[in-house]
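*Asks:* Here you go, one structure.
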Amino acid sequence: MGYEAMHIDTLIQKRFSPRSFKDQNISRQMLEQLFEAARRAPSSFNEQPWRFIYATRDDEEAYVKLLDCLNEKNRSWAQQAPVIMLSVAKTTFSKSDVQNRHAWHDTGMAMAFLLLKATELDLYVRQIAGFSPEKARELLHIPDDYEPLAMAALGYLGDEENPQKPRKPIETFAFQGQWPS
Ligand SMILES: Cc1cc2nc3c(=O)[nH]c(=O)nc-3n(C[C@H](O)[C@H](O)[C@H](O)COP(=O)(O)O)c2cc1C
């Protein structure tokens, strides 16, 4: 396989969102492995509402278009990354045109699968809310029933260590039986 298969706990511990990336491209085969992991995510009615628009740095025109969607602050560090992507959710069901309330949830799950696979391949991802969905819709020709959700920069880790961002204690978000009083 060319990489070490890792225990899920190791992957969860290892993953973090860097702002620095090595000047090293990602192979097409690796990108395919990432999207294969995303493809396996569960979804409401198996709608698989996620879409990813991505560009590699060697495809300059497409890469610059994606970078253009970012706000300045995020663009300043993200432009080091060899891959920029945008997750998009299909907000209606394909069979009925009814709104899919879980499209956002399911697209996030596909992204989480992609992130864990990336971690196993020694790749790192930082997702980005700081972008213009309107600009993305226009520049990337995204249809009305699809919503641009989050951008992401992806690549090999630059000169940065996992800062271990603080996490809330479990009892503040996992409630047994009912909402706490
Ligand atoms: C949907 C989403 C949007 C984010 N937007 C930004 C952003 O605009 N700029 C940025 O620098 N980091 C962004 N982040 C990264 C978060 O700050 C980071 O995931 C969080 O602080 C936890 O750190 P960790 O991922 O290293 O564990 C975003 C993360 C997510 C999941």
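*Asks:* Tell me which residues, restricted to segment 150-174, are loosely packed, with under 10 Cβ neighbours inside 10 Å and away from the ligand (no atom under 13 Å from the Cβ).
*Replies:* ASP159, PRO169, ILE170, GLU171, THR172, PHE173, ALA174
*Asks:* Moving on. Considering only segment 61-77, how many residues are touching a strand residue (DSSP E or B) at 6+ places or on another chain (Cβ under 7 Å) and within 15 Å of the ligand (Cβ to nearest atom)?
*Replies:* Selection size over segment 61-77: 6.
*Asks:* Filter segment 116-152 down to residues that are out of contact with any Ser or Thr (no Cβ under 9 Å at 6 or more places or on another chain), under 18 Å from ALA37 (Cβ atoms) and not charged (D, E, K, R), then give me how many there are.
*Replies:* Going through segment 116-152 one residue at a time, the tally reaches 4.
*Asks:* Here's a follow-up. Would you please name the residue that is nearest to the ligand (Cβ to nearest atom), looking only at residues in segment 23-58 that are among the hydroxyl-bearing types (Ser, Thr, Tyr) and more than 17 Å from the chain's Cα centre (by Cα)?
*Replies:* Checked segment 23-58; the qualifying residue nearest to the ligand (Cβ to nearest atom) is SER44.
*Asks:* Any residue in segment 1-23 that's at pLDDT 95 or above: show its pairings with residues that are open to solvent by 70 Å² or more (accessible area, probe 1.4 Å) and within 11 Å of the ligand (Cβ to nearest atom) at Cβ separation under 8 Å, as long as the two are six or more apart or on different chains.
*Replies:* Final answer for the pair search is PHE16/PRO163; PHE16/GLN164; PHE16/LYS165; SER17/GLN127.
*Asks:* Okay, next question. Out of the residues in segment 1-22 that are touching a helix residue (DSSP H, G or I) at 6+ places or on another chain (Cβ under 6 Å) and open to solvent by less than 90 Å² (accessible area, probe 1.4 Å), which is nearest to the ligand (Cβ to nearest atom)?
*Replies:* The extreme case among them is ARG15.
This table checks each residue for (1) free of Cβ contacts under 8 Å to residues at least 40 places away in the same chain; (2) within 16 Å of the ligand (Cβ to nearest atom); (3) surrounded by 16 or more Cβ atoms within 10 Å (Cβ to Cβ).
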site	(1), (2), (3)
ALA89	no, yes, yes
LEU114	no, yes, yes
THR119	no, yes, yes
ARG126	no, yes, yes
ALA129	yes, yes, no
LEU140	no, no, yes
PRO148	no, yes, yes
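The values are calculated or read from the model by the stated rules, or taken from the named source; none is laboratory data. Small disclaimer: the values here were computed from a predicted structure and weren't measured. Methodologically, a virtual Cβ is constructed for each residue, glycine included, from the backbone with ideal geometry; neighbour enumeration extends over all protein chains shown. We work out accessible area using only protein heavy atoms, side chains counted, and drop any ligands, DNA or RNA first. Shrake-Rupley method; radii C 1.70, N 1.55, O 1.52, S 1.80 Å.
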